[in-house]
Amino acid sequence: MSGICGWVGDADPAILDAMLEAIDYRGDSVDKVNVPGAALGYRWWSGRPGKSPGIHRQGAQLVACAGTFAPPVASPAAELIARLQPGPEGLDSLDGAFAAAWWDGEKRRLTLIRDPFGVRSLYYTQQGGVFYFASELKQLLAVPDISAELDHAAIHKYLTFSFVPGEDTPLKGIRRLLPRRYAVWAAGRLEVTQYFELRESLDERYADRRAAVQLIRRRCIEAVEKRLNGEEKIGLFLSGGLDSSAVALWLKDAGANVSAFSLDFGDKSLEKDRAREVAGALAIPLQFVRVGGEALLPIFQDLVWRLDLPFGDPVTGPQYLLGRAARAAGLGCIFNGEGGDQLFGGWTQKPMIGAELYANLYGEESREELYLRSYRRFYGSEDELYTPEFHARIGPAGQRRALLLPYLHGEKASTFLHRVRLADLALKGCQNILPRAERMANGWGLDIRAPLFDRRLAEAAFALPPQLKLRGAVEKFVLKLAVRGRLPKEVVWRKKLGMGVPITDWTLGPLAPLMNELLGKASLERRGLFRNEYVAALLQGHNTPGETRRRRVGERLWALAMLEAWMRIFVDGGGKRPARGSGG
Amino acid sequence: MKCIRCGVDSKYKERANRTCPGCHKLFAFEPQLGDRLTDVAFQKAIDAVSAKGQVRWGVEHLYYEVARRFPRRIWLAVLPAVVPGVFGLVLLLGKSYKMAAVALVISAILGVLAWQRKTARNVSVPLADFNRMWSTWRTVHGEPNGLIVRASERGTPTPRRSFDSDIADYSFDRAVICDRARTADLLIANNFHFENNCAVLSMDGYPEPLFDTVRSMLKRNPKLRVFALHDSSARGCRLAHRLTHEKEWFAGQGEVTDVGLRPSQADVFRGLFLAAGPAVVGGGGISALEARWLSQNTLELAALRPEQILKRLYAAMNRKEHEDFDDDSFRYEASDADDAGDGFG
């Protein structure tokens, strides 16, 4: 719900205005500072608690900080400099959702910093001897000299993960500061340091189930409470699943005035009744937001533009509509239950266990390859999907596997479940789920709060034996025990049948004209990345022969359509806001 | 005859020593020398079982695919019926009614015999003939892509992965138990276990290195959903019954759903049956009616194309889970996880 930008070097001051203008939906107030050799800009919504009321000025020190700390402080920017000036130890307990820039005019040094789980983003690039940084990609593209050139290696990764992981962005020369890191730019060099590392540290005290449940319950309650910034009214995205229901419970326990919003997919809704049940049990007003393919058609371009990066999961469409509804209800912040799967082991981890056991029966397949396959987009289908020209430009083999090695092997964990949890948290959680949720909420002026992505809670979760997370086949066991008796039994113990976005019905139904325009033969030939035969089969609703699930057709079409639309806006269109009302 | 390597179409006299005049490489088969299929036809059979290289398959699937495509030379059977038929018509025109009637009856009998041969129940290609063709094909064209070969059977077996200590502590939501190891091979090699989050085992102990580990993991889930996948054979049709009642399997645990082939589904696969073994007695999961069929026939699951097996299995499992969605069996209880309670409930 705010954003920053700036540079080190000499650039036209008008550029700062352009960079701030590019994110006009992130606030009604602007502050900017130009000093010799540097500039900082900050946009925010005035009157919202827990936000920095402008750029913090302290002698030659300037700090622009977007976002909030947890627990909240009056000015995160002032707090940050107080913590950082003595040294990086000041970051030891820092938590929240923030991205900040600190210009030290005495030492001629810029420090960029991102929150521990990557709710807020920061990008940087160098152009004409100037080091630029910004909260969003579109702000950097507002700099006249920066051109948008596609990075084919990053697109290759997107097609595996459905998001671009790591420090790369889909644009050449533009890099991203990863979560839980700070970067210092001085004397023309950038040095990146990780200030918080999550790793397994099993504590035998929590082999005792009672102690483990008490710990997790306590940490969850603290995580929720320290994200309440004193707003009169807050919102909650309530899916009816365990995680968001647990957050609803703890928000009510904390005395928050909470209103819930839930998705309604009509007869395709799987958890609608559960959401109603939870809201009823906790006496929370609940609004259902009807989502069908028709509703996504008019908003598709705007959705892609607000996402800023290509995110290929179809959940972003419903998230956009939820955000719009919450904004229309006059809310300024929204909680969600994201993070429960990554911390406590949701149903998505189970296939990895089977894959690990059955590996190598018919030839060698590494753990990394199996994990890449678990994203279920185009890994393994590159030969069928990619044109030879694209194939030739994706760079050397092993780039995707290299992203996983630190988590799936090595010293960060000794148990299989925790290895996969760490990989999920670092990639899916911090580089996909959180940033895309932030974009969708901020697109509507909402501050996103994801209490389960909490530093102390995460550390506690990795101190527990993994068998308390996946107990036999019961996922998130410790979290279930933590809310047992406080939430309806159906919500706590019901098995998951999978997320219900009926994307194949949508892409082959109401969204078909859009899909055909974005992914038709003419469009594919113009872009030159994909083979028409492969995409045409998907457009006709044909799964690949070995694929049993119909929903993969829609998921793959959506991921490809999102990418093409993103390229049109950000590569062809320079990141400018598309004309309103244009679907495709 | 067309060469599958270079596409050159050649006449028999142009093919010296079974060699293509275009690329000078060998043909596997030469119909002029008595082979019943061409290289193109055999390649088409491979394309069909592998869904053009996108599904992994076993040699047993290829056997049935070849059998589907094998020319039955119906004209050879029909010819004896045509001759007396024509003769009978001539006699009829010559008003020799008695002789004509005899000739036409003979023709009709031979015609019925020919029709029966066309619609024979059993697979028409002797396994030994297929094995000869398969061996020739591999010698000439090499091993086709997608053929399932166990790593342990290759010259340089892939070393087994050493597992992290916790992995056997977990369980699965569902399991597919097959009556034969080759069916388990098909599912695992095509990542069915991964895509559908299920364990796959065979009754006869495959995959051997994991069998005990996986079976003990399955015991950890009292709400386990078990799916029995099998041939339409006496052994196969008893599978679900055995899984439900045998203690070392799932007696008293979870629910077993039969998703295998049964005699009532066999008719559409007529022509791909195998001769049965000893007479089958009903009971133990087999009805008297089924026992009669099973005493005469066997239908292997491999008679279905791999793609169809995977899709039918997925559909059957999915249907069952959606049917049970509002059921108590679709809900865990704390006790399902060996919960002694933490005093908060």
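The values are calculated or read from the model by the stated rules, or taken from the named source; none is laboratory data. Predicted model only: the values in this text are computed from it and were never measured. Positions of Cβ are generated from backbone atoms using ideal geometry, with glycine treated the same way; all protein chains shown enter the neighbour counts. These area figures cover heavy atoms from the full protein model, side chains too; ligands, DNA and RNA do not enter into them. Shrake-Rupley method; radii C 1.70, N 1.55, O 1.52, S 1.80 Å.
Over the stretch A:46-178, what per residue volume does the convex hull of the Cα atoms give, in whole Å³? Could you put the intermediate results ahead of the total?
Numbers: hull volume 17.7 nm³, N = 133.
In the stretch A:46-178, the Cα convex hull volume per residue is 133 Å³.
Which whole number gives the average count of other chain Cβ atoms within 10 Å of the Cβ atoms across peptide B:186-198?
Working: counts 0, 1, 5, 4, 4, 9, 4, 6, 13, 11, 4, 10, 3.
Mean partner shielding for this stretch: 6.
What ³J(HN,Hα) values, in whole Hz, does the Karplus curve 6.51 cos²θ - 1.76 cosθ + 1.60 give for the stretch A:191-207 when θ = phi - 60°, with x put for Gly and Pro?
These are the phi-based 3J(HN,Hα) values: 10, 9, 10, 8, 9, 8, 10, 8, 8, 5, 9, 4, 10, 5, 4, 8, 5 Hz.
Against the empirical 2.2 N^0.38 Å scaling, what ratio does the C-alpha Rg of chain B come to? Please list the in-between numbers first.
On the way: Rg = 26.5 Å, N = 345, 2.2 N^0.38 = 20.3 Å.
Dividing the Cα Rg of chain B by 2.2 N^0.38 Å gives 1.31.
Hey, can you grab everything whose amide H is under 5 Å from the amide H of A:Gly118? Only 5+ residues off in sequence or another chain; H modelled, so Pro and N-termini drop out.
A:Arg180
What is the packing order of peptides A:511-518, A:84-91, A:404-411, taking the mean over residues of other C-beta atoms within 10 Å and listing the highest first?
Values: A:511-518: 18.9, A:84-91: 13.4, A:404-411: 15.9.
Ranking, from highest mean packing down: A:511-518, A:404-411, A:84-91.
For the stretch A:184-282, report the accessible area per residue in Å² (1.4 Å probe, heavy atoms, rounded to an integer).
Values: 4370 Å² over 99 residues.
Per residue, the stretch A:184-282 has an accessible area of 44 Å².
Taking just the alpha carbons, could you work out the radius of gyration and Dmax for the stretch A:1-59, both in angstroms?
In order Rg, Dmax, the Cα atoms of the stretch A:1-59 give 11.5, 34 Å.
Could you give the Stokes-Einstein D for the stretch A:458-584 in µm² per second, using the C-alpha Kirkwood radius, 37 °C, 0.692 mPa s? Could the numbers behind the result be given before it?
Numbers: Rh = 18.2 Å.
After rounding, the answer is 181 µm²/s.
Could you please tell me the mean projected area of the C-alpha convex hull for the stretch A:188-273, averaged over all directions and given in square nanometres to one decimal?
Its average projected convex-hull area is 10.9 nm².
Considering only DSSP beta bridges with both partners in the protein assembly as shown, what is the antiparallel share in %, to the nearest 5?
Around 65 percent antiparallel, to the nearest 5.
Let me spell out the model: positive unit charges on the Cβ of Lys and Arg, negative unit charges on the Cβ of Asp and Glu, origin at the Cα centre of chain A. What dipole size does that give, in debye rounded to 20?
Its charge dipole is roughly 1300 debye.
Among the Cys residues of chain B, which have no other cysteine Cβ under 4.7 angstrom away?
Lacking a cysteine Cβ partner under 4.7 Å: B:Cys178, B:Cys198, B:Cys237.
Ranked highest first by average number of other Cβ atoms within 10 Å, how do B:21-27, B:50-56 line up?
Highest-to-lowest ranking by the protection proxy: B:50-56, B:21-27.
Just how large is the dipole of chain B about the Cα centre, in debye to the nearest 20, putting +1 at every Lys and Arg Cβ and -1 at every Asp and Glu Cβ?
2780 debye
Using a 10 Å cut-off on Cβ to Cβ distances, tally the other chain neighbours for every residue of A:475-482 and report the average as a whole number.
Working: counts 4, 0, 6, 1, 0, 4, 7, 2.
For this peptide, the per-residue mean of nearby foreign Cβ atoms is 3.
Toward the positive end of the charge dipole of the stretch A:474-584, about the Cα centre and with charges on Cβ (Lys, Arg +1; Asp, Glu -1), which of A:Thr548, A:Leu479, A:Gly528 goes farthest?
Value: A:Leu479.
Please get the size of the charge dipole for the stretch A:530-570, origin at its Cα centre, with Cβ charges of +1 on Lys and Arg and -1 on Asp and Glu, quoted in debye to the nearest 20.
With only Lys, Arg, Asp and Glu charged at Cβ, the dipole is about 140 debye.
Going down the list A:Lys272/A:Lys428; A:Lys157/A:Lys268; A:Lys157/A:Lys412; B:Lys223/B:Lys320; A:Lys521/B:Lys52, which pairs span over 21 Å between their C-alpha atoms?
Over 21 Å Cα-Cα: A:Lys272/A:Lys428; A:Lys157/A:Lys268; A:Lys157/A:Lys412; A:Lys521/B:Lys52.
Report, in degrees rounded to the nearest 10, the 0 to 90 angle that the Cα long axis of helix B:97-118 makes with the longest principal axis of chain B.
30 degrees
Which value, to two decimals, describes the C-alpha radius of gyration of the stretch A:274-332 once divided by 2.2 N^0.38 Å?
The reported ratio for this selection is 1.32.
Taking K and R as +1 and D and E as -1, what net charge do the other residues with C-beta under 13 Å from the C-beta of A:Glu365 add up to? Kindly include the intermediate steps, with their values, before the conclusion.
Values: positive: A:Arg367, A:Arg373, A:Arg401, B:Arg56, B:Arg160, B:Arg161; negative: A:Glu356, A:Glu364, A:Glu368, A:Glu369.
So the environment of A:Glu365 carries a net charge of +2.
Say the dipole of the stretch A:164-222 comes from +1 at the beta carbon of Lys and Arg and -1 at that of Asp and Glu; which of A:Gln194, A:Val164, A:Ala183 then lies farthest toward its positive end?
The listed residue farthest towards the positive side: A:Val164.
Going by the alpha-carbon gyration tensor, a ≥ b ≥ c the square roots of its eigenvalues, is the stretch A:105-244 rounded (a/c under 1.5) or, if a/c is not under 1.5, prolate (a/b greater than b/c) versus oblate?
It comes out prolate by the Cα gyration axes.
With springs only between Cα atoms under 10 Å apart, run a GNM on chain B and tell me which of B:Val49, B:Val149, B:Val256 wobbles the most.
B:Val149
Net charge near A:Arg48, counting Lys/Arg +1 and Asp/Glu -1 over other residues with Cβ under 12 Å of its Cβ?
Numbers: positive: A:Arg26, A:Lys51; negative: A:Asp28, A:Glu231, A:Glu232, A:Asp447.
Result for the neighbourhood of A:Arg48: -2.
When a/c reaches 1.5 or more, the comparison of a/b and b/c decides; with that in mind, is the protein assembly as shown rounded, prolate or oblate per its Cα gyration tensor? List each step's numbers first, then the result.
Values: a/c = 2.42, a/b = 1.78, b/c = 1.36.
In terms of gyration-tensor shape, prolate.
Which residue, B:Arg161, B:Arg68, B:Arg182, has the most motion in a Gaussian network model of chain B that connects Cα atoms within less than 10 Å?
So, out of B:Arg161, B:Arg68, B:Arg182, the one fluctuating most is B:Arg161.
Highest GNM mean-square fluctuation, chain B, Cα pairs closer than 10 Å: which of B:Glu60, B:Glu255, B:Glu321?
It is B:Glu321.
If you fit an axis through the alpha-carbon atoms of helix B:39-49 and take the longest principal axis of the Cα set of chain B, what angle between them do you get, 0 to 90°, nearest 10?
Approximately 30 degrees, to the nearest ten.
Might you tell me the accessible area per residue for the stretch B:205-279, computed with a 1.4 Å probe and given in Å²?
I get 43 Å² per residue for the stretch B:205-279.
Local charge sum around B:Ala302 (other residues, Cβ-Cβ under 14 Å, Lys/Arg +1, Asp/Glu -1)?
-1
How many angstrom lie between the Cα centre of the stretch B:287-327 and the Cα centre of the stretch A:4-70?
Cα centroid of the stretch B:287-327 versus Cα centroid of the stretch A:4-70: 65 Å apart.
From the convex hull of the Cα coordinates of the stretch A:49-114, what is the mean projected area in square nanometres?
The number I arrive at for the stretch A:49-114 is 4.0 nm².
If one computes the Cα centroid of the stretch A:394-423 and of the stretch A:223-288, what distance in Å separates the two points?
34 Å
Roughly how much accessible area, to the nearest 100 Å², goes out of reach of solvent when B and A pair up, both sides summed, probe 1.4 Å?
5800 Å²
Whole Å is fine, so just give me how far the alpha carbon centre of the stretch B:137-216 lies from that of the stretch A:107-166.
Here the two parts' Cα centres lie 43 Å apart.
Considering the options B:Ala291, B:Leu187, A:Pro435, tell which one lies farthest towards the positive end of the dipole of the protein assembly as shown, charges being +1 on Lys and Arg and -1 on Asp and Glu at the Cβ, about the Cα centre.
B:Ala291
With all protein chains present, how much of the accessible area of the protein assembly as shown (probe radius 1.4 Å) comes from carbon and sulfur, to the nearest whole percent?
51 percent
Taking N as the number of residues in the stretch A:303-395, what is its alpha-carbon radius of gyration divided by 2.2 N^0.38 Å?
For the stretch A:303-395, the normalised Cα radius of gyration comes out at 1.53.
What relative contact order, as a whole-number percentage, does chain B give when Cα pairs under 8 Å and 6 or more residues apart are counted?
Result for chain B is 15 percent.
Once phi is turned into θ = phi - 60°, what whole-Hz ³J(HN,Hα) does the Karplus curve with 6.51, -1.76 and 1.60 give for every residue of the stretch A:422-432, x standing for Gly and Pro?
Going residue by residue, I get 5, 5, 4, 5, 5, 9, 5, x, 7, 10, 10 Hz, with x marking Gly and Pro.
Shielding by partners for A:361-369, please: the mean number of other protein chain Cβ atoms within 10 Å of each residue's Cβ.
So the per-residue partner count for this stretch is 5.
Taking a ≥ b ≥ c as the square roots of the Cα gyration tensor eigenvalues, with a/c under 1.5 meaning rounded and otherwise prolate when a/b beats b/c, else oblate, which class fits the stretch B:202-257?
Oblate, because a/c is 1.5 or more while a/b does not exceed b/c.
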